[in-house]
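The block underneath contains the structure these notes are about, expressed in structure tokens.
The values are calculated or read from the model by the stated rules, or taken from the named source; none is laboratory data. The structure presented is a predicted model; accordingly, all values stated were derived computationally and were not measured. In this analysis, Cβ positions are derived from the backbone assuming ideal geometry, glycine residues included, and neighbour counts consider all displayed protein chains. The protein model used for the area step is the full one, side chains on, heavy atoms only, and it has no ligands, DNA or RNA in it. Shrake-Rupley method; radii C 1.70, N 1.55, O 1.52, S 1.80 Å.
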Amino acid sequence: MEILTTGEMEQADRLAIAAGAPGFALMLHAGQAVADAATDLAGQGPILVAAGCGNNGGDGFVAATELAARGHDVSVILLCGRDSLKGDAALAAKGWKGRVLPCDLSALGSPALIIDALFGAGLNRPVTGDPQAMIEAINANGAPVLSVDLPSGINGTTGAIMGVAVRATETVTFFRKKPAHLLLPGRIHCGRVRVADIGISDVVLDKIRPATFENIPDYWQGAFPVPRIDGHKYARGHAVIVSGDLTSTGAARLSARGALRAGAGLVSVLSPDDALGANTASLTAVMVRRMNGAAGFAEILTDRRLNACVIGPGAGVGEETRALVLTALAAKPALVLDADALTSFADLPARLFEAIKETGNTDIILTPHEGEFRRLFSEMSNKHPLRSKLERVRAAAGRSGAIVLLKGPDTVVASPDGRATIAANAPPWLATAGSGDVLSGMIGGLLAQGVPAFDAACIGVWMHGEAGHEAGPGLIAEDLPEVLPAVLRRLYDRFGIDY
Ligand SMILES: NC(=O)C1=CN([C@@H]2O[C@H](COP(=O)(O)OP(=O)(O)OC[C@H]3O[C@@H](n4cnc5c(N)ncnc54)[C@H](OP(=O)(O)O)[C@@H]3O)[C@@H](O)[C@H]2O)[C@H](O)CC1
Ligand SMILES: [K+]
């Protein structure tokens, strides 16, 4: 499903109006959708609408009018004088026949529901003064809150808090989600998110051509790899995972198991001499192969059947790992660079990015967490506090020439071609030691099966999140590969694949 920035949403609005849908009709639909959600939340109790001075407030007036017509006890507080309302908002306020209370915090009372219609897409600066006091009072009130379009104070495009923001129980947005409904901290402030149809046709998307999508199976169903009845294990690729030395071999084994469970036909751990014993003693279906430094690695990779490679988990930071990465880049298998493979280039990012661009290989994925991202992409990290995670990852993909996957509760995957996805399905307990190692292996396993890199990254992230839910609280990284069959089974059912 497409995600629209507030600018793109305005464009959708304009295109719909140009195609014959009156702007006020859109507002009427929006207000009705808010009223429907409010009825579900408030039961028969009194409802307070806190309205702002723009069209978000206009939606609030329409909802108030509709709810009163349905027999609810409704009151409205307005941030500004009624006379200062303009356009559709003024029209909506005319339809409201009840009293409008002045912006007095004591007027909030003890409603069964507060409808937050203070600011939506038009928020353009930090919230101060009366609106700030109103938002703080709404948060302190204790009543459930239904936000119109966005929790007031949240920037729709970045998900950032503009000084202070409403904490909603539920948010009703219109036509499509905005980045703030998925990116943190916005997502936390939204509560449940409902997307309402307000009469804008999907045809407008042909003109807007959005490049951001929610990372859900519908988005990548066409790229999802299904083993063929007439296939064999060699048709499902051979992923190789580079192991660290004797002191750190577990990460590569976790990664390898992730690759195998994600469906790679064959998986090998490439092991330095000193770690051969440790690796062979603890692997069964995954094979182990001796690898002596970058020269040995180059020789192994001359076998083109080894079509996907993961470097980074437990690899160690320094010149040796840099050499392995440059060797893999030259050999051109599909490649996941994670953890130490990224940190090894923290002081020489340009060297990595130039090598990536020189290969012409488009199947390269960098999978940093926030710390690794900051080290590798220091020029596009948190210097601009209002630059969103989405924008930072897009910029990093453009700069590096690789797919960049920035992990977190709102994992963003971006491609140098501009496409990006945001995932919202990861449970908090997924943030545990070794979890990222399994993810890199799962993506390697998908690459081995010939899935294009951007899709492999998106599928891997989504399945990893689902595996987190499947294993549940208390999960450790070892659980993740073991619950993948259950995740895959549900996907097969969802896609209608026979098995
Ligand atoms: N897009 C659609 O399809 C539809 C959208 N609807 C609803 O409309 C809002 C967007 O309405 P808009 O009037 O553009 O903006 P807001 O209501 O969010 O904000 C109103 C004005 O508030 C001022 N502002 C901005 N930031 C602050 C601040 N921090 N403190 C005080 N005031 C602020 C700003 O005006 P200025 O002149 O003061 O700059 C805003 O313009 C959308 O979210 C939907 O709810 C339609 O009803 C349905 C179709
Ligand atoms: K709002």
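Here are the numbers for this structure:
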item	result
Residue match in the range 382-392 (condition: crowded, with 24+ Cβ neighbours inside 10 Å, out of contact with any strand residue (DSSP E or B) (no Cβ under 6 Å at 6 or more places or on another chain) and not hydrophobic (A, V, I, L, M, F, W, C))	no
Residue ranges of helices (runs of 4 or more DSSP H) in the range 264-332 with at least 3 members outside the structural domain of Leu446 (by TED's automatic domain parsing) and in contact (Cβ under 8 Å) with a residue 12 or more places away in the chain	none
Residue within the range 446-469 that is open to solvent by less than 30 Å² (accessible area, probe 1.4 Å), in a loop (DSSP other than H, G, I, E, B) and within 19 Å of Pro313 (Cα to Cα) present	no
Filter result for Leu430 (outside the structural domain of Val193 (by TED's automatic domain parsing), touching a residue at least 40 places away in the same chain (Cβ under 8 Å) and farther than 26 Å from Ala160 by Cβ)	no
Candidate set from the range 143-157 (those that are away from ligand 2 (no atom under 13 Å from the Cβ) and open to solvent by 20 Å² or more (accessible area, probe 1.4 Å)); member that is farthest from Arg394 (Cα to Cα)	Pro144
So Ala133, is it within 15 Å of ligand 2 (Cβ to nearest atom) and in contact with a helix residue (DSSP H, G or I) (Cβ under 8 Å, 6 or more places away or on another chain)	no
Wholly within the range 103-216, strands (runs of 3 or more DSSP E) carrying at least 3 residues that are hydrophobic (A, V, I, L, M, F, W, C)	113-117, 145-148, 192-196
Test result for Ala25, away from ligand 2 (no atom under 16 Å from the Cβ), assigned to a loop (DSSP other than H, G, I, E, B) and either in the same structural domain as Asp73 (by TED's automatic domain parsing) or of a type in the set (Gly, Ala, Ser) (or both)	no
Yes/no for Val226 being outside the structural domain of Ala33 (by TED's automatic domain parsing) and either assigned to a loop (DSSP other than H, G, I, E, B) or open to solvent by 20 Å² or more (accessible area, probe 1.4 Å) (or both)	yes
Top-ranked residue in the range 249-292 [being in contact with a Gly (Cβ under 7 Å, 6 or more places away or on another chain) and of a type in the set (Ser, Thr, Tyr); ranked as surrounded by the fewest Cβ atoms within 10 Å (Cβ to Cβ)]	Thr249
Within the range 45-62, considering residues that are in a loop (DSSP other than H, G, I, E, B) and in contact (Cβ under 8 Å) with a residue 60 or more places away in the chain, the one nearest to Ile198 (Cα to Cα)	Gly54
Qualifying positions in the range 336-349 - of a type in the set (A, V, I, L, M, F, W, C) and open to solvent by less than 40 Å² (accessible area, probe 1.4 Å)	Val336, Leu337, Ala339, Ala341, Leu342, Phe345, Ala346
